[in-house]
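Student: Please find one structure pasted underneath; my questions will follow.
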Amino acid sequence: MFAWYKELSGTERRTFWACFTGWTMDAMDAQIFSFLIPTLMLLWSVNSAQAGFLGTAALLATAFGGWVSGILADRYGRVRIMQAAIIWFAFFTLVAGFVHSYNQMLCVRMLQGIGFGGEWGAGAVLMGEIIRPAHRGKAVGCVQSGYGIGWMLATLVSTAGFHFLPPAYAWRVLLWIGALPAVLVIFIQRNVQEPPVFLEMKKKQREGQPGVFAIFHPAILRTTILSSLLALGIIGAGSSMIPWLPTFLKTVRHLSITGVGTFMMFITTGAFLGFIGSAYLTDRVGRRYNFLFFSGMAWVTTLVYMYLPLGRTGLLLLSLPFGFFTQGSYASLGPYFTELFPTAIRAAGQSFSYNFGKGIGAFCVAGVGALARKMPLNKAIAAYALCAYVIAIAATLLLPETRGLQLTSVAHDSENSLNTAQGMSQESPAGSPGQGT
């Protein structure tokens with residue numbers, strides 16, 4: 001199953017593990033907070049709408065941080081910006097453990113979000129450019145599976161924290177644990193190098209850096225819009241569910257803290273397997289068919305999980321496929337977006353599209369909280385998530401297939417005036433709007 005890993009060079013492997021660890025710790029930090037929401041609601045007398053806005057604010061900041069980091073990564077390098085982003089979010093995660101009010105937490109969560117978005121923005125394009133085309137989907141997707149590992153760690157750490165410590169102190173300790181990713185920067189600094197395709201592009205640039213808004217140039221605008229809508233569909237659906245799952249299990253399904261932890265372990269295990277499955281499928285059948293399959297199945301499993309009156313055993317067993325299909329398609333966003341954008345604006349385009357989905361999807365978190373004041377939480381979650389998957393399917397049908405695209409720097413591409421207008425390098429026209437399978 002992992003024979004492809006043996007074919008990777010030392011550089012590819014070091015980059016793989018640096019990004020995998022970064023994603024894992026990033027996910028652990030983000031998901032720990034979802035376990036803190038019920039406690040913070042009680043301690044600070046916060047309603048569901050306010051709690052939802054904590055998630056929304058962080059995701060909005062993530063979108064901003066991701067776009068900015070993408071622009072900076074195109075100018076100063078993928079590795080350097082990834083290091084800075086990790087230090088940033090680790091520091092403000094540590095600070096979050098010292099706050100004393102809702103407003104303070106809101107401000108710190110926004111600062112955390114900038115780092116979260118920045119780490120993905122630089123790391124995803126770094127992986128996409130380092131890994132060879134034959135294994136790009138599997139490698140980047142397996143790195144994304146670190147999100148599932150981080151989610152599992154968050155479940156274990158949170159369950160243990162609330163079991164052994166009073167709630168008033170447990171949430172602070174859990175946030176302090178989230179500052180550990182800063183240690184990863186030492187490994188990255190010593191072992192990870194910039195991608196050759198990026199270094200080659202920097203040497204060939206003749207007319208300065210692309211503008212901040214180069215991804216909105218008419219030659220690339222359609223790709224930017226459709227990529228952003230695909231990310232909105234996938235991430236918007238996840239944003240409607242992930243932050244609210246512990247609260248849903250506790251308030252709608254009436255589970256204890258231990259019970260919530262058990263169910264979340266099943267969901268996160270399913271998510272981890274979904275990341276791996278999507279990673280392999282995207283290289284096997286192509287990017288588009290992979291997204292269509294996972295989005296369609298996620299629509300069905302979400303409908304069943306949220307609406308049908310299943311018993312605890314049935315719901316527990318369904319948690320595996322629920323996590324598998326609702327989270328698996330995240331793994332294919334990175335390699336797909338890497339192949340859709342030219343080298344000179346790849347990090348900016350990839351980060352903007354992904355974080356547009358996070359930014360707009362952030363309103364789903366607050367929207368679910370607000371809607372939950374008028375209807376049961378499970379129905380509020382489903383309403384947002386099901387609509388989001390429809391958007392993902394529509395965007396996928398309009399985007400081209402890019403499986404196997406070789407990332408090479410070409411001085412001139414007659415089909416893309418973006419190169420001659422701004423001195424950019426561009427891949428083969430496989431990613432142009434008019435070409436598909």
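Student: For Q104, project a label point 7 Å along Cα to C-beta. Then give me every residue of the range 150-190 with its amide nitrogen under 13 Å of that point.
Tutor: Of the residues in the range 150-190, 172 have backbone N under 13 Å from the label point off Q104.
Student: I want to verify a result. In a Gaussian network model of the chain, Cα cutoff 10 Å, which of these has the top mean-square fluctuation: A347, A73, A168?
Tutor: A168
Student: If you average the sequence gap of Cα pairs under 8 Å that are 6 or more apart and divide by the length of the range 266-422, what percent do you get for the contact order? Before the final figure, lay out each step's value.
Tutor: Values: 159 pairs, mean separation 52.4, N = 157.
Result for the range 266-422 is 33 percent.
Student: Then there's this: Pairs K250/K379; K138/K379; K358/K379; K6/K202: which exceed 27 Å Cα-Cα? Don't skip to the answer; put the middle values down first.
Tutor: Numbers: K250/K379 15 Å; K138/K379 35 Å; K358/K379 22 Å; K6/K202 30 Å.
Too far apart for the 27 Å limit: K138/K379; K6/K202.
Student: Another question, then. Give the label of the value calculated from the structure for percent of Cα pairs over 38 Å apart, choosing from (1) 24; (2) 28; (3) 17.
Tutor: It is the one labelled (3).
Student: Count the net charge of all other residues whose Cβ sits under 15 Å from the Cβ of L59, scoring Lys and Arg as +1 and Asp and Glu as -1. Working shown, then result.
Tutor: Numbers: positive: R109, K358; negative: D26, D29, E119.
Overall, the nearby charge balance is -1.
Student: Let me ask something else. Select from G55, G150, G311 the residue whose mean-square fluctuation is largest in a Gaussian network model of the chain (Cα-Cα springs shorter than 10 Å).
Tutor: G311
Student: Let me ask something else. On a full-extension model of 0.36 nm per residue, what is the gain between R190 and Q406, subtracting their alpha-carbon distance, rounded to one decimal in nm? Walk me through the numbers on the way to the answer.
Tutor: On the way: separation 216, 0.36 × 216 = 77.76 nm, distance 2.77 nm.
Separation in residues times 0.36 nm, less the Cα-Cα distance, equals 75.0 nm.
Student: For the range 265-357, rounded, prolate or oblate, judged on the Cα gyration tensor with a ≥ b ≥ c (square roots of eigenvalues), a/c < 1.5 rounded, else prolate if a/b > b/c? Provide the component values of the computation, followed by the final result.
Tutor: Details: a/c = 2.71, a/b = 2.34, b/c = 1.16.
Verdict is prolate for the range 265-357.
Student: When the label point is put 7 Å from the Cα of F213 along its Cα-to-beta-carbon vector, which residues of the range 346-375 have a backbone N closer than 20 Å?
Tutor: So the set is 346-357, 360.
Student: S45 versus F164, label points 7 Å from Cα toward the beta carbon: distance in nm?
Tutor: Rounded to a tenth, the inter-label distance reads 3.4 nm.
Student: How high is the FRET efficiency between L310 and S9 when r is their beta carbon distance and R₀ equals 60 Å, given to the nearest 0.05? Walk me through the numbers before you get to the answer.
Tutor: Values: r = 48 Å, r/R0 = 0.80.
The formula returns an efficiency of 0.80 here.
We did not get these values from a lab; they are worked out from the coordinates using the rules stated. Bear in mind the structure is a predicted one, so any value in this text is a computation, not a measurement. Glycine gets a Cβ as well: all are built from the backbone with ideal geometry, and neighbour counts include every protein chain shown.
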